[in-house]
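The values are calculated or read from the model by the stated rules, or taken from the named source; none is laboratory data. Computed from a predicted model, the values in this text were never measured in an experiment. Backbone-built Cβ (ideal geometry, glycine too); neighbour counts: all protein chains shown. What goes into the accessible areas is simple: the full protein's heavy atoms, side chains included, and nothing from ligands, DNA or RNA. Shrake-Rupley method; radii C 1.70, N 1.55, O 1.52, S 1.80 Å.
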Amino acid sequence: MPEMLEVRNLKTYFPVRVGILDSLRGKKYFVKAVDGISFSIDRGEIFGLIGESGCGKTTAGRSVLRLVEPTGGEVIFDGVDVLKLGKEELRRIRRRMQIIFQDPYASLSPRMKIGEAIAHPLIIHGIADRREAREIALRMLKRVGLTPEEEYYDRYPNQLSGGQRQRVAIARAMALKPDFVVADEAVSMIDVSMRASILELLEEFRRDYRLSMLFITHDIAVARLIADRTAVMYLGKIVELGKTRRLIDNPIHPYTKALVNAAPSITRRERREKVKLRGEVPNAVNPPKGCRLSNRCPFATDICRTKEPELREVESGHFVACHLA
Amino acid sequence: MLSSIILKPVKAIFGNRPGRGFLIAGTIIVLAVVIMAIFAPFIAPYNPTAISSDTFSPPCWKHIMGTNRLGQDVFSRIVWGSRIILYVVLVATAFSMVLGIPVGLVSGYYGGKLDRVLSTVMDSIYAFPALILAIVIAVVLGPSPMNAAVAIAFVYVPTYFRMIRGQTLSLKGQLFVEAAKAIGARDREIMLKYILPNLIPTILVVFSLSVADAILTEAGLSFLGLSVTPPTPDWGYDLRVGQAFFLDGYWWLVFFPGLMIMLLAMAFALIGEALSERTSTSAR
């Protein structure tokens, strides 16, 4: 398998501000946003990462690109450990690793013409001079469907709708012809009517550039539509990983089952076994001992409360972190 | 037809948005003073430094603002005096912008120790009353319009620094800055291409408010004889000479220079207010 990206035991902890008393006692608390996750993405593969808000999926995406500094682990991109790179090397490798953010209203500078926003990365990396960069930006605008492109080039973000802005953000990321892209909830803030066409666009780029993608979403339906394989995160850990269809249609981990159950659906054909979790997601500063779901899981036994389950391959290519699987 | 050609851009600038009246009033006064300064030789009816025997004449048709103890025409001195005050204030403001904006930007962007040191230095300058600090510097440098400008510039650097630093801090956390990092932009490019353009509204507001303040400081310095040397016409200086005769009933020597200083300062303050109201609403 030609792996584009391999993430090994990635951890990102954020220090929590503590009171004076605790700081005198030398106590430190951390939000373990990402707590040791591993996965790999092949060339040309779209890898979904799903979970509720707060489970650490966005932090995971940012950590892979080092937009947040991870606490530990390895991120091997095309044979290079990204976490070990110096500032300048990291800056250069960013040409090949891009990101599309969730919020297209905030990810573009309000005072930069959208054409320039697309052209700028090309100039930064010395791929093109000013004139060529303009040409490429125009081509990208056309490619993402913002035509007449000459006219769109000079527009400012506030003259565009959310969907159009997200197209600009995609064009900006794709202008560099990256090998790997993190799509962080890239369609969550887009009107439902526009989602399909944006997903279509990402799919096209994947095909044309043999692009690998980490597709982060909370929307199971979207993941099912676009992702080849998917991992489910809960409280900073991956609880289940496998082929998207199989994982969503036949979830094994109780958390995945609950998540799939909770997703609204217009065409529910079959009634699956219902899994309801108790209570709320616990605080990531102090996750439960043993299995992190043990305090909410209806099937939890003694071993769940004492021993943390490892991710095991239960079927070929299907991994589950559950003692009962 | 013609009126629509002229009115359209005017409407685009002033629009029908908050603070419109302030903006128009302020702009008219500032433009009037600027025109007065540029065309001083054509507007002033007399040589502002020419002494005549017609001393202490009250306002009349020949001297619409009267004459002073040397028989100089007060109106002509006011017209010529606008040059000095605008020159000093604009040079001073340009200096403090050139210093305050980049330092504030760098300090806010990088943060850390550098930021703490710079902030402390700037805060200690800021802690002094502006006029007193300007007086001390002007006294040390000696009386001249250029030195007055330097003194005023020094005093207003922290104003720019603090505003720019604060804004940079908040912009730094914005997603588009993270996006700029993600495309591989260098720190310098992030500051100049992504943060600075978003600071322009702030800079405009601080500019007009600090100019308003600087006008009063300049007038204060020249009132104390720390700017121009006689017989150069200057509002603050004329005010000082005039106040000696105020109690003798020669009110016009004080009234007109004072009025002009107040009007000009107010005009910039109005523009600043209008702009700040406007930027805070457009940010919504």
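What share of the DSSP beta bridges in chain A is antiparallel, in percent to the nearest 5? So the antiparallel bridges amount to about 60 percent of the total.
Helix A:114-124: angle to the longest alpha-carbon principal axis of chain A, degrees 0 to 90, nearest 10? For A:114-124 against chain A, the angle is about 80 degrees.
Of all the options A:Gly236, A:Gly51, A:Gly290, the one that moves most in a Gaussian network model of chain A with Cα springs shorter than 10 angstrom is A:Gly290. Ordering B:Ser82, B:Val117, B:Leu209 by Cα displacement along the dipole of region B:44-282 toward the positive end leaves B:Val117 in first place; charges were set at the Cβ atoms of Lys, Arg (+1) and Asp, Glu (-1). Couplings for region A:281-286, taken from phi via the Karplus curve 6.51 cos²θ - 1.76 cosθ + 1.60 with θ = phi - 60°, read 5, x, 5, 6, 6, 9 Hz in order; Gly and Pro are left as x.
Across B:Ala180, B:Ala148, B:Ala269, mean-square fluctuation computed from a Gaussian network of chain B (C-alpha pairs under 10 Å connected) peaks at B:Ala180.
Axis of helix A:162-174 versus longest Cα principal axis of chain A: the two differ by about 80°, to the nearest ten degrees. I'd like the distance separating the alpha-carbon centroids of region A:186-252 and region A:1-79, in whole Å. Rounded to whole Å, the Cα centres lie 19 Å apart. Is there a simple number for the mean count of other chain Cβ atoms within 10 Å of the Cβ of residues in A:121-129, and what is it? Whole-number average of other-chain Cβ neighbours for A:121-129 is 2.
So how strong a dipole does chain A carry about its Cα centre when Lys and Arg Cβ are +1 and Asp and Glu Cβ are -1, to the nearest 20 debye?
Working: 55 positive and 42 negative charges, 152 e Å.
Around 740 debye, computed over chain A.
If you take the beta carbon distance between A:Phe30 and B:Ile132 as r and set R0 to 45 Å, what does 1/(1 + (r/R0)^6) give as a FRET efficiency, to the nearest 0.05? After rounding, the FRET efficiency stands at 0.35.
Membrane-span-like helices of chain B, defined as complete DSSP H segments with a Cα extent of 30 Å or more along the helix axis and a mean Kyte hydropathy of at least 1.0, are identified as B:74-110, B:196-223, B:252-282.
What shape does chain A have by the C-alpha gyration tensor, where a ≥ b ≥ c are the square roots of the eigenvalues, rounded means a/c under 1.5, and otherwise prolate means a/b greater than b/c and oblate the rest? Write out the running numbers ahead of the final one.
Working: a/c = 1.94, a/b = 1.51, b/c = 1.28.
Since a/c reaches 1.5 and a/b is larger than b/c, the shape of chain A is classed as prolate.
Proximity of backbone amide H atoms, modeled 1.01 Å from N, is registered between A:Val181 and A:Gln98, A:Ser212, A:Met213, A:Leu214 at under 5 Å, excluding neighbours fewer than 5 places apart on the same chain.
Accessible surface ranking for A:Phe39, B:Phe75, B:Phe42, A:Phe14, 1.4 angstrom probe, highest first: B:Phe42, A:Phe14, B:Phe75, A:Phe39. With runs of 4+ DSSP H residues as the only contributors, calculate the mean residue ellipticity of chain A at 222 nm using -39,500 (n - 2.57) per run, divided by the residue total and rounded to the nearest 500. So the calculated ellipticity at 222 nm is -9500 deg cm²/dmol.
Computed about the Cα centre, the dipole magnitude for region A:1-107 is approximately 500 debye when only Lys and Arg (+1) and Asp and Glu (-1) carry charge, each at its Cβ.
Just the ratio, please: alpha-carbon radius of gyration of region A:171-255 over 2.2 N^0.38 Å, N its number of residues. Mind showing how you got there, number by number?
Working: Rg = 13.6 Å, N = 85, 2.2 N^0.38 = 11.9 Å.
My calculation over the Cα atoms of region A:171-255 gives 1.14.
Over all residues in B:192-200, what is the mean tally of Cβ atoms on other chains that come within 10 Å of each residue's Cβ?
Details: counts 0, 8, 5, 2, 1, 4, 4, 1, 1.
The per-residue average across the peptide is 3.
Hey, if you drop one equal point scatterer on each alpha-carbon of region B:44-282 and run the Debye formula without solvent, what base-10 log of I(q)/I(0) do you get at q = 0.10 Å⁻¹? Relative scattering, expressed as log10 I(q)/I(0), comes to -0.56.
Considering only A:Phe101, A:Leu324, A:Ser53, the residue lying farthest towards the positive end of the dipole of the protein assembly as shown is A:Leu324, judged by Cα position with unit charges set on Cβ.
Compared with the dominant Cα axis of chain A, that is its longest principal axis, helix A:192-209 is turned about 80°.
This model, with +1 at the C-beta of Lys and Arg and -1 at the C-beta of Asp and Glu, gives the protein assembly as shown a dipole about its Cα centre of some 1540 debye.
Rank-order A:314-325, B:216-227, B:53-64 by packing density, defined as the average count of other C-beta atoms within 10 Å over each peptide's residues, highest first.
Result, highest mean Cβ count within 10 Å first: B:216-227, A:314-325, B:53-64.
Pairs exceeding 32 Å between alpha-carbon atoms, taken from A:Lys27/A:Lys276; A:Lys87/A:Lys307; A:Lys27/A:Lys57: A:Lys27/A:Lys276; A:Lys87/A:Lys307. Candidate cross-link partners of A:Lys11 among the aspartates and glutamates, defined by an alpha-carbon separation under 15 Å and a same-chain spacing of 8 or more, comprise A:Asp35, A:Glu69, A:Glu74, A:Asp81. Farthest toward the positive end of the dipole of region B:44-282, out of B:Ser52, B:Thr67, B:Leu270, is the Cα of B:Leu270, where the dipole comes from beta carbon charges about the Cα centre. Among A:Arg17, A:Arg195, A:Arg207, the largest mean-square fluctuation in a Gaussian network model of chain A, built with springs joining Cα atoms closer than 10 Å, belongs to A:Arg17.
Look at where the Cα atoms of region A:148-177 and of region B:128-163 average out, and the two centres are 47 Å apart. Phi angles across region B:54-71 convert, under the Karplus curve 6.51 cos²θ - 1.76 cosθ + 1.60 with θ = phi - 60°, into 3J(HN,Hα) values of 7, 8, 6, 6, x, x, 8, 5, 6, 10, 5, 10, x, 10, 9, 5, 9, x Hz, Gly and Pro given as x. Coupling constants for region A:44-58 follow from the phi torsions by the Karplus curve (6.51 cos²θ - 1.76 cosθ + 1.60, θ = phi - 60°), and in residue order they are x, 9, 9, 10, x, 10, 10, x, 6, 5, x, 7, x, 5, 5 Hz; glycine and proline get x. Close amide H partners of A:Val31, meaning residues 5 or more places away or on another chain with modelled amide H under 5 Å apart, are A:Phe14, A:Val16.
Counting 0.36 nm for each residue step from A:Asp81 to A:Phe14 and taking away their Cα separation leaves a gain of 22.0 nm.
Along its principal axes, the protein assembly as shown has C-alpha extents of 111, 68, 42 angstrom, given from the largest down.
For the protein assembly as shown, what proportion of DSSP beta bridges, expressed in % and rounded to the nearest 5, is antiparallel? Could the numbers behind the result be given before it?
Numbers: 30 of 48 bridges.
Bridges in the protein assembly as shown are about 60 percent antiparallel.
With a Cα cut-off of under 25 Å and a minimum spacing of 8 residues unless on different chains, the lysine pairs in region B:44-282 number 6. Summed over both chains, the accessible area lost when B and A associate is about 1900 Å², using a 1.4 Å probe.
Please list, or write none, the lysines whose alpha carbon is within less than 16 Å of the alpha carbon of A:Lys274, excluding same-chain residues fewer than 8 places away. Here the lysines satisfying the reach criterion relative to A:Lys274 are A:Lys257.
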